[in-house]
Structures are given as structure tokens and as C-alpha cells.
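Inspection log for the structure reproduced underneath, given as C-alpha cells.
Readers should treat all values here as calculations from the given coordinates under stated rules, not as data from a laboratory. Not measured: the values here are computed from a predicted model. Ideal geometry is used to build each Cβ from the backbone, glycine not excepted, and the neighbour counts take in all protein chains shown.
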Amino acid sequence: MPDSAMMAVVESRYLEADLPDAPIRPGGSERLCPGAELGTASGTALAIILSLFDALLGTTDSDVDPDRRDCQAPKRKMLGILQRLLVGDARTSFPTHAPFALLRVDDTWLSLVPASRPSMQAR
């Protein structure tokens with residue numbers, strides 16, 4: 001078997017970005033939203049809790065809000081107007097600076113984005 005048949009292309013990229021209002025593409029006019037917001041799809045793992053809120057708030061099963069026209073459209077907001085009361089202001093309750101990593105192994109790309117903020121266990 002030739003040596004070239006056993007070689008794999010491996011490369012990686014790393015970037016840290018400030019998220020609110022960041023450009024989607026370098027030099028482009030499209031930008032991310034000015035603040036973060038949880039959509040109903042983000043709570044899929046919390047099906048029991050969500051079904052309770054659905055029953056209490058009369059929400060639908062759809063993750064899409066066809067009437068929404070703001071920056072977060074067409075995402076349906078989780079918990080509706082209660083989200084800000086329970087989570088707090090978007091600028092202070094969600095990370096605004098995040099690391100992103102991209103790993104390529106041959107024709108497969110993996111995107112790595114932390115899902116939670118690190119916490120200090122010892123002081």
C-alpha cells in the first residue's frame with residue numbers, strides 16, 4: 001500500500017469573538033443580534049419542565065414564530081416575556097465573549113463551541 005493512501009489532512013483554527021453585534025462575515029453588512037435570547041428549541045433536553053411551562057403559558061409546539069420581525073426572527077422566545085424576569089438582561093446574563101474552534105480531519109469538519117461558562121471552584 002502506498003504511503004499517500006495512509007495520510008490524513010488535519011488542521012485546526014481557533015478564534016475568540018465578542019458576540020453582540022459582531023459581523024457574520026468579515027467586511028459584510030450582516031451582523032449578529034445585539035443581545036442573546038434563548039429560543040424554545042434550546043430547552044429540548046428539559047422536556048418535562050417545558051411541558052409544564054407550555055401548559056401554564058399556552059405556548060405551541062413550534063420553535064418558529066412566523067410573526068416575529070426583530071433580529072431574533074424566526075426563533076420563538078423561550079418562556080415569552082417571562083424570560084427576562086427569570087434569566088435577566090441579555091447583556092449581563094449570557095456570555096458576550098466566546099472561543100470557537102474548528103477542526104478538520106480529511107473531509108470532516110468539527111466545530112467546537114463551549115456550552116457553559118467556566119465557574120470558579122476555589123478562590
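Here are some notes:
- Packing-based ranking, highest mean first, of 70-80, 12-22 given that Cβ atoms within 10 Å are counted: 70-80, 12-22
- For F100, the residues 5 or more places off, or on other chains, whose built amide H falls under 5 Å of its own are L15, E16, A17.
- What the Cβ-Cβ distance of R69 and A98 gives, at R0 = 30 Å and to the nearest 0.05, is a FRET efficiency of 0.70.
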